Amino acid sequence: MQISAGYKSKYRALDLARILLMHGDLAPRLTIQTILQASGYAVDAAATPAEALAKLDEGEYDLVLSDGEGGSDAAGHNLLAYARVKDYRPATAFITAGHTKPKGGYQPAVSEVSIYTENLAGLLGEVAELIGVRASRRHRPLRVAV
């Protein structure tokens, strides 16, 4: 089945926001990507931090989600730190695919979103909230000096 160019442009106009998802494990990455796309978000997925960094340099995103448990935690932190210094200021969050908690009671400076099937409405609510906070932070009116 082929999609006409006109249909693609109409579909893209319906996207709520652009999300970059980096997760090292294929099954959670595809699951999260599918859930977000079915909910109206445009999602670019990356399997490695290097691939995600390249995507950050190519386009703008409203939200950057990074795997908080796979591979190298430092790579996930570095990806989110790089995203936060972009001029367009995307929202950032770690994403986990289970009920895990950070080791040693460490609380990251960025949001953390957990995914498990019992809480899909919670996931979508958290994603919408992160994007909303980002939008309000980005478009905050300037204060008048007194």
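The values are calculated or read from the model by the stated rules, or taken from the named source; none is laboratory data. Every value quoted in this text rests on a predicted model; they were computed, and no experiment measured them. In this analysis, Cβ positions are derived from the backbone assuming ideal geometry, glycine residues included, and neighbour counts consider all displayed protein chains.
Summary of computed values
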quantity	calculated
Residue match in segment 23-43 (condition: touching a residue at least 12 places away in the same chain (Cβ under 8 Å), β-branched (Val, Ile, Thr), surrounded by 18 or more Cβ atoms within 10 Å (Cβ to Cβ) and part of a helix (DSSP H, G or I))	yes
Residue within segment 58-69 that is modelled with pLDDT under 85 and among the acidic types (Asp, Glu) present	yes
Some residue of segment 77-90 being assigned to a loop (DSSP other than H, G, I, E, B), modelled with pLDDT under 90 and among the hydroxyl-bearing types (Ser, Thr, Tyr)	yes
Cross-chain or 6+ apart pairs with Cβ under 6 Å, segment 124-146 first and under 18 Å from ALA38 (Cα atoms) and assigned to a helix (DSSP H, G or I), then modelled with pLDDT of 85 or more and of a type in the set (Ser, Thr, Tyr)	LEU124/SER39
Test for ALA54: is it over 14 Å from the mean Cα position of the chain (by Cα), more than 17 Å from ARG29 (Cα to Cα) and at pLDDT below 90	no
